[in-house]
Amino acid sequence: MKMEINYIRLYEKIAKYYPIGFKESDPRYSHFCGIRLLDELNSDKLSPKKYKVWKQVIRDIKNSKKGIIKGDAESPIFQPSYSGSLLLFKKKKDMFLFTREIRVYVSVLAPVYTILGYDNIIIETNLTKPVKFGPVIYISPLDIYEPWFSIIRKNIEACYQDYSFISYSLLSKRIPYLSVPGSHNPDSDSSIFQALFSNEDISSYNFVGDILYE
């Protein structure tokens, strides 16, 4: 049976693993019992058997329809989710590189997942490191990303039964006094997305789509 997805239920899940009210720099943070549980889950997700399942999910998505240039199932140990990226478009003109990719996240802390499209522009020069502009993210089925939302949802829910899609309206909410390790915005309260999926601060990006899509 799928868990009812609402702010209170997600808050309860998050409070189990993060010491809400303490910054990561506070010595008490690392002594919170939930942090140890979080570390164990992050490590366990990469066990050969479980990680093999995730890699197969990304492989199946990639093979389900033409149009994916590259698929990646890399899921860093420091983030509380399985993650994957699917490159749909890549074009370079002079020093500008434009890419369009769809990213998938399946949390190991709660039975939820999400899908986001990313439009990125990178300036490549010989003088400095590449300059990457903040992406525009697509939070519901639109444009090049439209057919992939339904394909990805079908594949994920076939493998991770009882998991539910979480809307942008929920995952972008910041939880008062929540501090996620390695957060890209250490001076702000962390978001539900950062607690359940990745420390990336997607709440600060420009977005396109229906925030209530679920």
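In the chain, the longest principal axis of the Cα atoms and the axis of helix 48-64 are about 30 degrees apart.
Compare the Cα positions of SER75, ILE8, TYR177 along the charge dipole of region 7-208 (+1 at Cβ of Lys, Arg; -1 at Cβ of Asp, Glu; about the Cα centre) and return the one farthest towards the positive end. Farthest towards the positive end: SER75. Listed peptides 47-59, 103-115, 154-166 appear in the order 103-115, 154-166, 47-59 once ranked by packing, highest mean of other Cβ atoms within 10 Å at the front.
Highest mobility in the GNM of the chain, judged by mean-square fluctuation with C-alpha springs under 10 Å and restricted to SER169, SER203, SER183, is found for SER169.
Once neighbouring chains are kept in place and the probe is 1.4 Å, which whole percent of the accessible area of region 7-208 is contributed by carbon and sulfur? Here carbon and sulfur together make up 55 percent of the probe-accessible area. For the residues GLU200, GLU12, GLU24, a GNM of the chain with alpha-carbon springs under 10 Å puts the largest fluctuation on GLU12. Exceedance of the 23 Å cut-off in Cα-Cα distance is limited, within the set LYS62/LYS132; LYS70/LYS132; LYS23/LYS173; LYS66/LYS90; LYS92/LYS154; LYS45/LYS129, to LYS62/LYS132; LYS92/LYS154; LYS45/LYS129. With the charge dipole of the chain set up from +1 on Lys and Arg Cβ and -1 on Asp and Glu Cβ about the Cα centre, the Cα lying farthest toward the positive end among the listed residues SER188, ILE202, PHE32 is that of ILE202.
Helix 33-44 axis versus longest C-alpha principal axis of the chain: approximately 40°, rounded to the nearest ten. Placing pseudo-labels 7 Å out from each Cα toward the beta carbon at MET95 and LEU41 gives an inter-label distance of 4.4 nm.
Across region 97-106, rounded Karplus estimates of 3J(HN,Hα) from the backbone phi angles (6.51 cos²θ - 1.76 cosθ + 1.60, θ = phi - 60°) give 10, 10, 10, 10, 9, 10, 10, 10, 10, 10 Hz, Gly and Pro being marked x.
When you restrict to C-alpha pairs under 8 Å that are six or more residues apart and normalise by the size of the chain, the relative contact order lands at 20 percent.
The values are calculated or read from the model by the stated rules, or taken from the named source; none is laboratory data. Not measured: the values here are computed from a predicted model. Positions of Cβ are backbone-derived with ideal geometry, glycine not excepted, and every protein chain shown enters the neighbour counts. Accessible surface areas use protein heavy atoms only, side chains included; no ligands, DNA or RNA. Shrake-Rupley method; radii C 1.70, N 1.55, O 1.52, S 1.80 Å.
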